[in-house]
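The values are calculated or read from the model by the stated rules, or taken from the named source; none is laboratory data. Since we're looking at a predicted model, the values are computed, not measured. Reconstructed Cβ throughout: ideal geometry from the backbone, glycine too, with neighbour counts over all protein chains shown.
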Amino acid sequence: MHLIDSTSEPLTQATQALFSSKTRGRILEQSLLLFNQSGFGSVTTASIAKEAEVLEGSLWYHFHSKKDILTAHLALVQAAFEEQNTLANSSDPRTIIEGVFQSYDVIWDFRYILRDDFRSLLKDDPAMLAVTEKINLYFDQWAEERIRHSHVHGVLEIPQNDMEGISEIILVIGRYWLDFSSKKYPETPHQTLRKKGLAHIFTVLQPYLNSESRSLVERGLRNR
């Protein structure tokens with residue numbers, strides 16, 4: 001009997017491509033699914049080994065602890081995010097919006113990293129805690145920069161005085177949804193929840209989107 005529930009659909013293709021079919025790759029992929037579903041603190045190495053269909057000794061050969069798996073996930077998410085984020089740096093509205101969609105896909109696929117309370121989970125490991133907080137700060141700064149970048153290139157028309165407030169609202173919605181969505185909609189497929197999270201963010205931004213950008217967002221949501 002597998003521990004991952006029936007609503008846990010495959011990760012996005014871009015994220016799946018990060019994992020090989022070899023033992024280490026299976027461990028990283030299955031642990032990611034389990035951490036997303038149940039939380040880093042609730043998952044055991046035994047359950048990871050079971051889902052990856054490897055012996056627990058094989059898991060320990062590659063990763064001495066869950067913290068080692070977390071370290072590997074942190075490296076993967078940053079590399080994946082930076083690769084997807086190249087699109088968002090464009091000046092073309094279509095490319096900017098598609099870049100935001102793809103970047104959110106990465107955030108959703110590694111959502112436990114932004115969702116779980118590592119200040120409690122890693123309170124006895126300040127060095128590891130500092131790494132997770134650095135990644136979280138990186139994502140926060142990215143969201144704020146995307147708002148400014150979209151404004152500069154005409155995708156968003158936000159008064160300067162509203163820029164900080166809008167950025168903070170987006171951060172609150174984005175982070176809270178990662179945790180709230182699965183609790184309120186436990187039987188809903190994750191692909192649907194991911195799309196709904198994007199829709200909530202763009203609902204806040206809707207008054208500031210010009211007509212072209214609004215059409216691009218609507219088309220992007222329909223195609224997801």
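Can you pull out the residues in the stretch 77-114 that are farther than 11 Å from Thr15 by Cβ, of a type in the set (A, V, I, L, M) and buried (at least 20 other Cβ atoms within 10 Å of the Cβ)?
Passing the criteria: Ala88, Ile96, Ile97, Val100, Ile113.
Name the residues in the stretch 176-205 that are over 16 Å from the mean Cα position of the chain (by Cα) and more than 18 Å from Arg224 (Cα to Cα), would you?
Of everything in the stretch 176-205, those that are over 16 Å from the mean Cα position of the chain (by Cα) and more than 18 Å from Arg224 (Cα to Cα) turn out to be Lys183, Lys184, Tyr185, Pro186, Glu187, Val204, Leu205.
Between Arg175, Arg148, which is at pLDDT below 90 and of a type in the set (D, E, K, R)?
One residue alone meets the criteria, Arg175.
For the stretch 115-130, how many residues are assigned to a helix (DSSP H, G or I) and buried (at least 16 other Cβ atoms within 10 Å of the Cβ)?
Here is the first cut: in the stretch 115-130, the ones assigned to a helix (DSSP H, G or I) are 115, 118-121, 126-130.
Right, trim to buried (at least 16 other Cβ atoms within 10 Å of the Cβ) and you get 115, 118, 121, 128-129.
The number of residues fulfilling the criteria is 5.
Can you give me the number of residues within the stretch 147-204 that are part of a loop (DSSP other than H, G, I, E, B) and in contact (Cβ under 8 Å) with a residue 60 or more places away in the chain?
7
From the residues in the stretch 9-37 that are surrounded by fewer than 17 Cβ atoms within 10 Å (Cβ to Cβ) and among the small types (Gly, Ala, Ser), which one is farthest from Glu56 (Cα to Cα)?
Applying the filter and picking the extreme gives Ala14.
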